1. Pull out the extension gain between LYS222 and THR403, defined as 0.36 nm times the separation in residues minus the alpha carbon to alpha carbon distance; nm, one decimal.
2. Once fully extended, how much extra length lies between THR577 and MET68, figured as 0.36 nm per residue of separation less the alpha-carbon to alpha-carbon distance?
3. How high is the FRET efficiency between ASN277 and LYS491 when r is their beta carbon distance and R₀ equals 25 Å, given to the nearest 0.05?
4. Considering only Cα-Cα distances, which of the following residue pairs are longer than 29 Å: LYS152/LYS295; LYS457/LYS583; LYS121/LYS292; LYS239/LYS588; LYS638/LYS671?
5. Work out the FRET efficiency for GLN160 and THR614 from their Cβ-Cβ distance, taking R0 = 41 Å, and round it to the nearest 0.05.
6. Calculate the spin-label point distance for GLU252 paired with THR133, positioning each point 7 Å from the Cα along the beta-carbon direction, and give it in nanometres.
7. Report the extension gain between ASP319 and ARG502 in nm, rounded to one decimal, defined as 0.36 nm multiplied by the number of residues separating them, less their alpha carbon distance.
8. If I take R0 = 51 Å and measure r between the Cβ atoms of GLU186 and ARG430 in this structure, what FRET efficiency does the formula 1/(1 + (r/R0)^6) give, to the nearest 0.05?
Amino acid sequence: MMDLQNISSGAEPPVLKTETQRAASPEPSCVSMKSDRSKGEPPNISREAVTSDPKVQKETPETSRRNMDFILKELEHKVISLVKNQLERFLKILNLDYPACSGREEEDEEDQSGVREGALKITLHVLRNMNQTDLANKLQTKLAPSCHQKLKSTLMEKFQKINEGISNAGTSTLLNEIYTELYITEGGSGEVNNEHEVRQIEAASRRPATQETPIKCNDLFKDQSIRTVLTKGVAGIGKTVSVQKFILDWTEGKANQDVLFIFPLPFRELNLMRTENLSLEDLLYQFFKDTKDLKPGDYHRYKVMFIFDGLDECRLPLDFQNNKRVSDVTQSASVDVLLTNLIQGNLLPSALLWITTRPAAANQIPPDCIDQVTEVRGFSDPQKEEYFRKRIRDQSLAERIITHMKSSRSLYIMCHIPVFCWISATVLERMLGEAEGGEIPKTLTQMFTYFLIFQIKHRSQKYQRKSDVDLDQTREIILALGKLAFQQLEKGNLIFYEEDLRECSIDVREVSVYSGVCTQIFRQESGLHLGKVFSFVHLSVQEFLAALYEFLSFISNNRNVLQQKHSGLFGFSEKGTMSDFLKRAVNKALQSENGHLDLFLRFLLGLSLESNQTLLRGLLIQTENISHSKEEVVEYIKQKIRENPSPEKTISLFHCLNELNDHSLVQEVQKYLNRGGSSDFSRVTLSPDQWSAVAFVMLNSEEELDALNLWNFETSEECLLRLMPVIKVSRRAQ
């Protein structure tokens, strides 16, 4: 502050006169310093004086130098005067509750808007170099147009609450009350990762923290050289919630106050405008009515940020190669063209961009358009426990839930996903806290089966005020949602629109019935004004319902729904027993290069167990249990493990055995393992499938794989190949 005062109160420099002026020559001066204020023009050199006076044209170099000295001194005086006036105004704004300008002052400010803007940039730059960031942000905010605060208020109202899996009014919670900081890391590439996301979660859970560089969400743009950040993360890991918290902190004045305007533009809503042709200015006005007072130049004058959430949900072509160039915010084009030009920096090159996506869609953005790649890893182990303690008010019950989740490694790994934590809390709070009957779920299939049952029962009791469930209506709705889940899983879509629902014979006029039956499973959301979008609360819920649809269709009709031409994932044509059906499903999942059927297969195998069928019979299944030889399917999976389709797929097959409640292979090697999951195997001869079992146990142990001593293992090529998944996640192997 003192620096500003010293500058503003500094004495004006004396105006030095040249020898020509002191001689008071009657001849016209070579320079006219009078400025035309009405036009805002700078002082001009008199054209007549320069061109018509022969004495001036014949000036000596010394006289010219003196004249230039005079011009520079006079210029210095006027510039300092102009800047000093602006600094005095800035001081009033910072020190006082500065009143609105009078009409006359506003006219004067318009006349000197360029001066004010330049002085402001210099002042803000100097203040930030002096580490007076708060002061700089305060000054910038006070000088911002009124729509700045209106936009902040609108976004605060929109983002201050969160619906955990529920989109009904009256069910939201304040985000700040439940928010648990997510683990976000710097680095990585924007390259595509086609592995099934459960595999990525499992790999991330074993990666030592020492390999990572954590970064706080609010610090993504701390480095002033970064314009565009791409944040990756599997479905449900917390990308959208991170965006919501980032915006909320900005509206509350907690972070990133150097940004004047943040425009969140989710791809799920931009999709609904893919046929529109409009300017960026008009596009923003359609989303944010508060921007009506912004002028085209304001988008360059002020620091703005665009947040494009959910690139994986984008149904725009994003044709970076062939789209025309747009550089003016008033120039009309398709939404696709506007987005590609924004990302490439042709349009508003000074704007900040934050794009979030699932890993499989990351390569839609050219790498040279990205300055920084980050990854949301979800909850670390301590954050998982923190979530349950925040979510469950009864702390003794929270501790029991945490203990149970830790007892099942496959469940605990999935808790890296915040949505799965919520699903688990929903189920276990009811089962452990309200004395609900039934076996406490230990597998993914059991957890999701109970979750579905509780949601259906909850709806009947809450909305119909009766304990009996309308089985016919419920079965019809679940099958319709399962068909939607299955078809969209085949296409890789997590977000659906009305045309997608119509393809599955879901009447969009009665869609509230579907979301009403499964309030916390199937969501109907309205865009700001653009229409309705639909989704399941998480990809795993969609995969579970898709598997349930396939399973119910098979046992009800003794046929595979995938025989239909429009859904040829498995391409089965022949009928057969349930055992044959499951074995063919295993084959088809193993043929998938990216493992996108892995979780679907696990659910399908889990649903084949009589115990899970018993849970569903009362609600969905009217037929008797379909008998099949579980042992036959288990042996078939073990055979595939021995054949070793790939080390990663082999690990997935062990999870399948878990769903079938078979642990025989793991038990065979457990005797060789210490509690921590490692031991000296250098003198032990194991079969290939047993080495895979060792790898599975080590990956699912609680201890961090910081270093792997390969001398403790057999040095055969087969052994090293089977241990490759462990080697990949170890910080070092020697």
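A short reminder: the numbers here are calculations on the coordinates, not readings from a lab. If you're wondering where the values come from, they're calculated on a predicted model, not measured in any experiment. Glycine gets a Cβ as well: all are built from the backbone with ideal geometry, and neighbour counts include every protein chain shown.
1. Separation in residues times 0.36 nm, less the Cα-Cα distance, equals 61.3 nm.
2. Roughly 173.3 nm would be gained on extension.
3. 0.40
4. Working: LYS152/LYS295 18 Å; LYS457/LYS583 33 Å; LYS121/LYS292 24 Å; LYS239/LYS588 31 Å; LYS638/LYS671 19 Å.
Checking Cα-Cα distances, LYS457/LYS583; LYS239/LYS588 exceed 29 Å.
5. In this case the efficiency is close to 0.40.
6. Output for this residue pair reads 1.8 nm.
7. Taking ASP319 through ARG502 to full extension adds about 63.0 nm, to one decimal.
8. 0.80
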